[in-house]
1. Between S29 and S55, what is 0.36 nm times their sequence separation minus the Cα-Cα distance? Round to one decimal in nm.
2. I'm spelling it out carefully: the read-out is Rg and Dmax of the Cα atoms in Å, the candidates are (i) 12.3, 37; (ii) 17.0, 59; (iii) 15.2, 47, and one was derived from this structure. Which label?
3. Tell me the carbon and sulfur percent of the accessible area for the chain, rounded to whole percent, probe radius 1.4 Å.
4. Please list, ordered by chain and number, the residues whose modelled amide H lies under 5 Å from the amide H of R30; skip anything fewer than 5 residues away on the same chain.
5. List the residues, sorted by chain then number, that are 5 or more residues from H57 or on another chain and whose placed amide H is less than 5 Å from its amide H.
6. With springs connecting C-alpha atoms under 10 Å apart, model the chain as a Gaussian network and identify which of R12, R53, R30 has the largest mean-square fluctuation.
7. Determine the sum of side-chain charges near F2: Lys and Arg each +1, Asp and Glu each -1, restricted to other residues whose C-beta is under 12 angstrom from that of F2.
8. Sorting S24, S29 by accessible area (1.4 Å probe), largest first, what list results?
Amino acid sequence: VFRRHGYQDVYRARHARGGETFTSAAPHSRIDYILVKGAVQVVSAETALADTRLSDHLGVLAVVR
């Protein structure tokens, strides 16, 4: 649905696979995304904050222009 409306998944723009974010202790599902729309250049996208004391999800960090 998002793709049909012009949104881009920033993690997938930089990586063909991976990006699992749940659970932070043993990531096996990809359930957290950063979506952008329009003339955006995705410089980088990574999972981040692998600390089970902070959250049960990993964070997604992206640099876009």
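1. In short, 7.9 nm is gained.
2. (i)
3. Using a 1.4 Å probe with all protein chains present, the chain comes out at 53 percent carbon and sulfur.
4. Correct list: T21.
5. S24
6. In this elastic network of the chain, the residue with the biggest mean-square fluctuation among R12, R53, R30 is R53.
7. +3
8. S29, S24
The values are calculated or read from the model by the stated rules, or taken from the named source; none is laboratory data. Here the structure is a predicted model, which means the values were calculated and not measured. In this analysis, Cβ positions are derived from the backbone assuming ideal geometry, glycine residues included, and neighbour counts consider all displayed protein chains. Protein only, heavy atoms only, side chains kept; ligands, DNA and RNA dropped before computing areas. Shrake-Rupley method; radii C 1.70, N 1.55, O 1.52, S 1.80 Å.
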